[in-house]
Amino acid sequence: MRTIALPAGFGLLGLALVLGFGAGSFTVHMVAHMGIVAVAAPLIAYGLVGTRRDPLARWNWMTPMLASLIELVVVWFWHMPVLRAAADASLVLLLVEQASFLAAGLLLWTTCLRPGDGRLAGTIGLLFTSMHMTLLGVLLALAPRPLYGDGAVTCFGIPLSAAADQQIGGVVMLMVGALSYLAGGVALLAGLLREDGPQPAEGPRC
C-alpha cells in the first residue's frame, strides 16, 4: 500500500495544482484545495511516515493537536475574502497559498499517522480538523451573500452566479475535506481499539 500511496499522492497533487492555477471559480479552487490537503497529503504522508524519508522523523515536539491548529490558521487565513482575491490576482501569492496548503496538510497527516503510542492523539487531531473544516464549509455554503466577488463565473464549463459558486464550494469542503479527516480519525481509532481489545489466551504449557 505504501508503494502505491506515494505515487498516487504525488499524481493527485500535480493534478490539483494544475487545476488550482488560474481558476476563476471558487468551486474549482475548493476542489483543488481539498485535493491537496485532504486527498494528496494523506496519501503522501502514509507513503513516507515511519520510513527514512519521513520529513518529520525528528520533530518529536510536534503534536497532532498543534498541527491541527496550524492547519486551521492556514486554511481560515487564505479564505479571508481580501486574501482570496489577492491570490487570484497574483501568481506569486497563489503559489504561496498552494504551498502553504500542502505544507499544512503534510504536517498534520504525517504527525497524526506517526507510528507508536500517539495514535489516540492523532485520532483527536484529525477529528478536530474535521470539525473546523465542517464549520468553515457550513459558513461558506450558508453565507447570506457571496464573499468572493459578485459576477458570474464558469465552473467546469457551467455558468454560475457568484453566490451559487460559493455555496457549491462550501459543499465540496464539507463532502471531501470534513469526511476525509473524519474517516482518518475513525480508522486510527478502530486500529487503536483492535490493539487494546482482549488478547487470545495462551494454551497450556507442558
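The values are calculated or read from the model by the stated rules, or taken from the named source; none is laboratory data. Since this is a predicted model, take the numbers as computed values, not measurements. Don't worry about glycine lacking a Cβ; one is built from the backbone with ideal geometry, like all the others, and counts go over all protein chains shown. These accessible areas exclude ligands, DNA and RNA; they are computed on the full protein's heavy atoms, side chains included. Shrake-Rupley method; radii C 1.70, N 1.55, O 1.52, S 1.80 Å.
Structural remarks
- Ser25 fulfils the conditions (1) open to solvent by 10 Å² or more (accessible area, probe 1.4 Å); (2) farther than 23 Å from Leu182 by Cβ except for a single criterion, (1).
- Of all residues in region 176-190 being over 10 Å from Ser130 (Cβ atoms), in contact (Cβ under 8 Å) with a residue 12 or more places away in the chain and of a type outside the set (Val, Ile, Thr), the one that is most open to solvent (accessible area, probe 1.4 Å): Leu189
Here's the yes/no breakdown for (1) modelled with pLDDT under 90; (2) surrounded by fewer than 19 Cβ atoms within 10 Å (Cβ to Cβ):
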{"site": "Phe101", "(1), (2)": "no, no"}
{"site": "Leu106", "(1), (2)": "no, no"}
{"site": "Thr110", "(1), (2)": "no, no"}
{"site": "Leu120", "(1), (2)": "yes, yes"}
{"site": "Leu139", "(1), (2)": "no, yes"}
{"site": "Gln166", "(1), (2)": "no, no"}
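- Positions within region 141-162 being buried (at least 16 other Cβ atoms within 10 Å of the Cβ) and more than 24 Å from Ile70 (Cα to Cα), in sequence order: Pro146, Gly149, Val153, Cys155, Leu160, Ala162
- Looking at Ala45, Ala67, just one residue is touching a helix residue (DSSP H, G or I) at 6+ places or on another chain (Cβ under 9 Å), among the hydrophobic types (A, V, I, L, M, F, W, C) and under 17 Å from Ala8 (Cα atoms), and that residue is Ala45.
- Hits in region 48-82 (condition: open to solvent by less than 40 Å² (accessible area, probe 1.4 Å) and either among the hydrophobic types (A, V, I, L, M, F, W, C) or modelled with pLDDT of 85 or more (or both)): Leu48, Val49, Leu56, Met62, Pro64, Ala67, Ser68, Glu71, Val74, Val75, Trp78, His79
- When the helices (runs of 4 or more DSSP H) confined to region 18-101 are screened for residues that are on the phi < 0 side of the Ramachandran plot and either over 20 Å from the mean Cα position of the chain (by Cα) or free of Cβ contacts under 8 Å to residues at least 24 places away in the same chain (or both), those reaching at least 3 such residues are found at 64-78, 81-89.
- Subset tally (residues that are farther than 19 Å from Met173 by Cα and small (Gly, Ala, Ser)) for region 34-66: 4
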